[in-house]
Amino acid sequence: MAVAFCCAVLALTLVGHSRLPALPGHLSSLAETLLPWSALAVLVLAAVALSLRPRTAAVALVLPVVAWTAVFGGTLTDKSSAGGDLTLVSHNVNQDNPDPQGTVRTLLASRADVVALQELSPETAPAYAAALADAYPHHFQQGTVGLWSTRPLRDARAVPIMPWTRAMRATVETDRGPLAIHVVHLPSVRVGPSGFTSGARDDVISVLEGVLRAERSPRVVVMGDFNGSTDDRAFRPLTTRLTSAQSTAGAGFGFTWPAAFPVVRIDQILLGGVRATAAWTLPATPSDHLPVAARVSLR
């Protein structure tokens with residue numbers, strides 16, 4: 001009976017997680033961030049149930065299995081399609097990265113048209129700029145974020161979403177017209193005695209929403225290190241306006257952090273007014289994040 005009850009609760013949580021009340025310490029956000037891993041809870045319940053009452057277990061487990069499949073089954077399929085006009089890459093390079101040149105080699109292998117970097121430092125930024133200069137003649141870097149492009153940039157400027165510069169905006173001139181690109185690095189989050197310390201990040205999400213509301217370009221890309229999953233309710237101000245390239249054109253969850261054993265996708269490419277035809281992660285670099293890529297159609 002207890003196993004059946006747990007199965008029902010898990011199924012309801014999966015299907016209705018967005019309607020659940022906010023828990024103290026931002027724990028609702030943490031739960032939604034880790035929601036794909038609820039598959040492990042299904043496996044644990046299956047092991048317990050089968051060891052007790054195999055026949056009853058089969059019936060009880062139908063609910064969470066169906067619920068998980070309904071929520072995440074589509075994520076596992078390959079949703080990529082042919083075509084696309086630009087390849088975009090975003091990477092948190094890690095300010096302590098010991099090998100900027102090796103990192104750039106991985107990025108260059110993607111043949112991206114536009115590369116966005118986060119967590120640049122005064123010591124490493126010149127090394128990245130030098131290594132990318134030949135392939136990307138158009139460049140803007142401010143604070144810890146930068147953008148490199150094969151196409152001309154205009155209106156490039158820092159965006160004040162935080163007291164220090166961790167966001168920028170530029171217009172990329174393409175053969176099919178202008179594309180506004182925002183590069184962002186939202187505040188870090190931690191899990192501690194007080195819960196999920198995402199308050200600073202959530203405040204910046206509200207500021208970023210205002211920036212995007214004022215954006216005049218009909219075609220917008222926002223990419224960078226969001227320090228959160230798009231399943232997290234805190235990102236609804238952005239995900240109701242923009243679509244995730246990975247969700248619409250990727251295959252699998254595309255987890256990016258930590259690079260050695262990724263368990264969550266916190267590096268995002270979000271799109272408005274353009275369509276992703278493919279999305280994927282690049283091979284690991286010396287950073288603790290995996291780079292993310294997307295091919296987008298501007299038609």
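The values are calculated or read from the model by the stated rules, or taken from the named source; none is laboratory data. Not measured: the values here are computed from a predicted model. Here the Cβ positions follow ideal geometry from the backbone for every residue, glycine too, while neighbour counts run over all protein chains shown. To get the accessible areas, we keep the full protein, side chains included, count just its heavy atoms, and leave off ligands, DNA and RNA. Shrake-Rupley method; radii C 1.70, N 1.55, O 1.52, S 1.80 Å.
Tell me the residue from Thr33, Thr77 that is touching a residue at least 24 places away in the same chain (Cβ under 8 Å) and surrounded by 16 or more Cβ atoms within 10 Å (Cβ to Cβ), please.
Selected residue: Thr33, the only one of Thr33, Thr77 that is touching a residue at least 24 places away in the same chain (Cβ under 8 Å) and surrounded by 16 or more Cβ atoms within 10 Å (Cβ to Cβ).
Tally up the residues in segment 170-204 that are in a strand (DSSP E or B) and touching a residue at least 24 places away in the same chain (Cβ under 8 Å), please. Give the steps one after another, and end with the answer.
Taking segment 170-204 as the starting set, the residues that turn out to be in a strand (DSSP E or B) are 170-174, 177-185, 191-192, 195-196.
Next, from what is left, pick out any that are touching a residue at least 24 places away in the same chain (Cβ under 8 Å): 170-172, 174, 177-185, 191, 195-196.
Residues that pass the stated criteria total 16.
Output the number of the condition that Leu40 fails; it satisfies all remaining conditions of (1) out of contact with any strand residue (DSSP E or B) (no Cβ under 9 Å at 6 or more places or on another chain); (2) open to solvent by less than 20 Å² (accessible area, probe 1.4 Å); (3) of a type outside the set (Ser, Thr, Tyr); (4) free of Cβ contacts under 8 Å to residues at least 40 places away in the same chain.
(2)
State all residues of segment 150-169 that are assigned to a loop (DSSP other than H, G, I, E, B) and under 18 Å from Val211 (Cβ atoms); if no residue qualifies, say none. Let's see the steps before the verdict.
Taking segment 150-169 and keeping what is assigned to a loop (DSSP other than H, G, I, E, B), we get 150-152, 159-166.
Of everything in segment 150-169, those that are assigned to a loop (DSSP other than H, G, I, E, B) and under 18 Å from Val211 (Cβ atoms) turn out to be Val159, Pro160, Ile161, Met162, Pro163, Trp164, Thr165, Arg166.
I'd like to verify a number: residues in segment 19-42 that are modelled with pLDDT under 85 and closer than 19 Å to Gly73 by Cα, how many?
Adding up the residues that qualify gives 1.
If the requirement is being surrounded by fewer than 20 Cβ atoms within 10 Å (Cβ to Cβ) and modelled with pLDDT of 95 or more, which of these qualifies: Val207, Val183? Explain how you work it out, then say what you get.
Working: Val183 fails: surrounded by fewer than 20 Cβ atoms within 10 Å (Cβ to Cβ).
None of the other options fit; the residue is Val207.
Inside segment 264-294, can you point out the residues that are charged (D, E, K, R) and either surrounded by fewer than 23 Cβ atoms within 10 Å (Cβ to Cβ) or within 14 Å of Glu119 (Cβ to Cβ) (or both)?
Those that are charged (D, E, K, R) and either surrounded by fewer than 23 Cβ atoms within 10 Å (Cβ to Cβ) or within 14 Å of Glu119 (Cβ to Cβ) (or both): Asp267, Arg275, Asp288.
If a residue has to be assigned to a strand (DSSP E or B) and in contact with a Phe, Trp or Tyr (Cβ under 7 Å, 6 or more places away or on another chain) to count, how many in segment 73-113 make the cut? Spell out the reasoning first.
Here is the first cut: in segment 73-113, the ones assigned to a strand (DSSP E or B) are 78, 86-92.
Checking which are in contact with a Phe, Trp or Tyr (Cβ under 7 Å, 6 or more places away or on another chain) leaves us with none.
Adding up the residues that qualify gives 0.
Which is open to solvent by 30 Å² or more (accessible area, probe 1.4 Å), of a type in the set (A, V, I, L, M, F, W, C) and closer than 22 Å to Met168 by Cβ, of Ala245, Ala214?
Ala214 is the lone residue from the list that is open to solvent by 30 Å² or more (accessible area, probe 1.4 Å), of a type in the set (A, V, I, L, M, F, W, C) and closer than 22 Å to Met168 by Cβ.
Out of the strands (runs of 3 or more DSSP E) lying entirely within segment 257-299, which hold 2 or more residues that are within 22 Å of Ser198 (Cβ to Cβ) and not basic (Lys, Arg)?
267-272
Given the criterion on the phi > 0 side of the Ramachandran plot and either in contact with a strand residue (DSSP E or B) (Cβ under 8 Å, 6 or more places away or on another chain) or not polar (S, T, N, Q) (or both), identify the matching residue among Gly146, Gly195, Gly102.
Gly195
Under 6 Å between Cβ atoms, at least 6 apart or on separate chains: pull out the pairs that start in segment 244-256 with a residue that is within 16 Å of Gly84 (Cβ to Cβ) and aliphatic (A, V, I, L, M) and end on any residue that is at pLDDT 95 or above and part of a loop (DSSP other than H, G, I, E, B).
That search, which allows pairs on different chains as well, returns Ala249/Lys79; Ala249/Ser80.
Could you list, in sequence order, all residues of segment 114-136 that are assigned to a helix (DSSP H, G or I) and in contact (Cβ under 8 Å) with a residue 24 or more places away in the chain?
Ala127, Tyr128, Ala131, Leu132
Please give the number of the condition Leu147 fails out of (1) open to solvent by 10 Å² or more (accessible area, probe 1.4 Å); (2) of a type in the set (A, V, I, L, M, F, W, C); (3) closer than 23 Å to Arg105 by Cα; (4) assigned to a strand (DSSP E or B).
If we test Leu147 against (1) open to solvent by 10 Å² or more (accessible area, probe 1.4 Å); (2) of a type in the set (A, V, I, L, M, F, W, C); (3) closer than 23 Å to Arg105 by Cα; (4) assigned to a strand (DSSP E or B), just (1) comes out false.
Just need a number here: residues in segment 107-130 that are open to solvent by 30 Å² or more (accessible area, probe 1.4 Å) and of a type in the set (S, T, N, Q).
Here the count works out to 0.
Go through the residues of segment 54-69 one by one and say whether even a single one is touching a His at 6+ places or on another chain (Cβ under 9 Å), outside any loop (DSSP other than H, G, I, E, B) and modelled with pLDDT of 90 or more.
Within segment 54-69 (the criterion being touching a His at 6+ places or on another chain (Cβ under 9 Å), outside any loop (DSSP other than H, G, I, E, B) and modelled with pLDDT of 90 or more), the answer is no, since none of the residues qualifies.
Please give the number of the condition His139 fails out of (1) open to solvent by less than 60 Å² (accessible area, probe 1.4 Å); (2) more than 23 Å from Ala279 (Cα to Cα); (3) in contact (Cβ under 8 Å) with a residue 12 or more places away in the chain.
(1)
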